[in-house]
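The structure appears below as structure tokens.
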Amino acid sequence: MADDTDDAADHDSGADVGHDLGAERTTAPMSDYSSRAVGIGFLVLIVGIAISIGIPLATTGL
């Protein structure tokens, strides 16, 4: 049976690629965002609400 917990292997994984491992970790709410990004998010919200209300109304015939 093979031992899958070989610690001698290189620990480079897909999660490490392209990231500065020495940098301090930040999360999305801490990241800067522009008013354009807020506007696009609001537009996506409006379209989503319109779809979620419009489809049931259209299928019930109201």
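Values quoted throughout were computed directly from the atomic coordinates according to the rules given, and no laboratory measurement underlies them. Just so it is clear, the model here is predicted, and its values are computed rather than measured. A quick note on method: Cβ atoms are made from the backbone with ideal geometry, for glycine too, and the neighbour counts reach across all protein chains shown.
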>> Taking 35 Å as R0, compute the FRET efficiency from the Cβ-Cβ separation of Ala23 and Thr59 and round it to 0.05.
In response: 0.10
>> For the pair Ala50/Val38, report the inter-label distance in nm, with labels modelled 7 Å from Cα in the Cβ direction.
In response: 2.2
